[in-house]
Amino acid sequence: MLTFYSADSRLRQARTELHDGTLVAPFECPERVDLVLKQLRLSGLGEIRAPSAYGLAPVLAVHDKDYVTFLANCWEAWLAAGHEGEAIPNIWPARRMRGDHIPHAISGQLGYYALAAETSISAGTFEAAMASKDVALGAVEYTLQTGEPSFGLCRPPGHHAAYDQFGGYCFFNNAAIAAQRALESGKRRVAILDVDFHHGNGTQQIFYRRDDVLFISLHGDPEVTFPYYLGYADEGGEGKGEGFNINYPLPHGTSVATWMATLEQALAKIQAAGCELLIVSLGVDIFENDPISAFTFTSEDFTNLGQRLAQAGLPSVFLMEGGYAVDEIGVNVSNVLHGFEQ
Ligand code: Q9C
Ligand code: ZN
């Protein structure tokens, strides 16, 4: 399988994540991609290729222009305001405040455009997010042109990024950008299957009123885990999007058997909807030893996941999302992709 990867992923080098009331070294760290690459090379998955630069047009097809401008300028504005640490939001347009007004000061803009506080912005964040969406676009272009599967080793991840909000370690929604590109190239309906432990709130929100993208997510129950305020089973889409958003919230500790049985339901929906391309938001934070998650996949289970996804018989693009057990992240990703090719 062909992998797309950009060395510019390393440009995201945040030092802080607000975690349980303490600033810690981010779970979403540059070593993640290094270790995945190492294992893909070791296991002989196939060629690893750098993507072209696709510019901002495909980003603006799913994100707000002012949001993108904010991300491009945030770090400079934060420095210009004289702040010492990394850019972290600490106030939001909460209920009964002015939710529609974007303040002048960078501290006000940060809260306006953030959906959570764990994701610090620092030098190089925007450049890495640009590289990450190029990785996704390279992968989807390749699969559109050849019908062959591809893997986009995206970093930073994307599925929490909404139309005009960053958070959950995400800035641009790589899967949404790729799906939109596939539609523009002539695909009539695309499935995004999100297997990351966390609900893909950003992807859901971007396509919630549309029937050309079927979004299906299996994830930890938002009653008890991030992102808390989206990802419930009764969120089925709106307007012509009704029926094209499907959430499977699952309890902490869900067995792999139950998870795989739920996947069967998801794949049946994808078949029934006549999807012409499958984009997998591949979070391997469903791993049993993930430090911030609560599902129970073993490394071997990831091989079975890949095998089952191949049986859907669709042109497929895998895009990296979460996965924070760095010692095993390479094997877990590699097992999915090799499983798909068996
Ligand atoms: N500080 C992805 O997997 N907070 N994002 C969890 C740990 C945010 C996960 C608590 C989790 C975001 C792409
Ligand atoms: Zn996740």
Completion exercise
Surpassing 21 Å at the alpha-carbon level, of the pairs K187/K240; K133/K240; K65/K133; K133/K269, are K133/K240; K133/K269
Handout entry: For the chain, calculated [θ]222 nm from helices alone, where every DSSP H run of n ≥ 4 adds -39500 (n - 2.57)
Key = -11500 deg cm²/dmol
Fill in the blank from the handout: Relative contact order of the chain (C-alpha contacts under 8 Å, at least 6 apart) in percent is 19 percent
Completion exercise
The set of residues whose placed amide H lies less than 5 Å from the amide H of S120, leaving out same-chain residues fewer than 5 positions away, is L18
Fill in the blank from the handout: Restricted to the chain, the DSSP antiparallel beta bridge percent, nearest 5, is 15 percent
Completion exercise
Dipole check, the chain, charges on Cβ (K,R +1; D,E -1), about Cα centroid: among N335, L282, I270 the Cα furthest to the positive pole belongs to I270
Practice task
Using only the alpha carbons, work out the radius of gyration and Dmax of the range 1-160 in angstrom.
Solution key: 17.5, 55
Handout entry: Hz values of 3J(HN,Hα) by residue in the range 19-30 - Karplus curve (6.51, -1.76, 1.60), Gly and Pro given as x
Key = 10, 6, x, 10, 7, 10, 5, x, 4, 8, 10, x
Handout entry: Positive-end extreme of charge dipole, the range 1-75 - chosen from F4, A72, S43 (charges on Cβ)
Key = S43
Fill in the blank from the handout: For the range 247-324, listing GluC sites (Glu not before Pro) in a DSSP loop whose Cβ sees at most 11 other Cβ atoms within 10 Å gives none
Problem - ³J(HN,Hα) computed for each position of the range 130-142 - Karplus, 6.51 cos²θ - 1.76 cosθ + 1.60, integer Hz, glycine/proline x - result: 4, 4, 5, 5, 5, 4, 5, 5, x, 5, 5, 4, 4
Exercise for the section: Would you kindly calculate the mean projected area, averaged across all directions, of the convex hull enclosing the Cα atoms of the range 256-342, in square nanometres? Expected result: 5.3 nm²
Completion exercise
Computed over the range 133-207, the convex hull of the Cα set has an average projected area, in nm², of 4.8 nm²
Handout entry: Relative counts (whole %) of C-alpha pair distances in the range 121-258, using bins that are 5 Å wide
Key = 2, 11, 19, 21, 20, 15, 9, 3, 0
Handout entry: Translational diffusion coefficient (Stokes-Einstein; Kirkwood radius from C-alpha pairs) of the range 213-313 at 10 °C, 1.306 mPa s, in µm²/s
Key = 110 µm²/s
Completion exercise
Ordering 106-116, 41-51 by per-residue average of other C-beta atoms within 10 angstrom, highest first, gives 106-116, 41-51
Completion exercise
Regression test value, accessible area per residue of the chain, probe 1.4 Å, units Å², expected 39 Å²
Handout entry: Amide H within-cut-off set for L214, under 5 Å, with H built and near neighbours excluded
Key = V190, A191, I192
Completion exercise
Answer in debye to the nearest 20: the dipole magnitude of the range 5-58 about its Cα centre, from +1 Lys/Arg and -1 Asp/Glu charges placed on Cβ, is 200 debye
Problem - Whole-number Å³ per residue for the convex hull built on Cα positions in the range 83-166 - result: 120 Å³
Practice task
List, in order, the whole-Hz ³J(HN,Hα) value for each residue of the range 63-76 obtained from phi through the Karplus relation with A = 6.51, B = -1.76, C = 1.60 and θ = phi - 60°; use x for Gly and Pro.
Solution key: 10, 5, 4, 5, 5, 5, 4, 4, 4, 5, 9, 4, 5, 4
Fill in the blank from the handout: Scaled by the rule-of-thumb 2.2 N^0.38 Å, the alpha carbon Rg for the chain gives a ratio of 0.92
Practice task
Using only the Cα atoms, work out Rg/Rh for the range 60-119, with Rh taken as the Kirkwood radius, to two decimals.
Solution key: 0.96
Fill in the blank from the handout: Heavy-atom accessible area of the chain with neighbours in place, 1.4 angstrom probe: carbon+sulfur share in percent works out to 50 percent
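The values are calculated or read from the model by the stated rules, or taken from the named source; none is laboratory data. Not measured: the values here are computed from a predicted model. Using ideal geometry, Cβ is built from the backbone for each residue, glycine included, and neighbour counts are taken over all protein chains shown. Heavy atoms of the whole protein, side chains included, go into the accessibility calculation; ligands, DNA and RNA do not. Shrake-Rupley method; radii C 1.70, N 1.55, O 1.52, S 1.80 Å.
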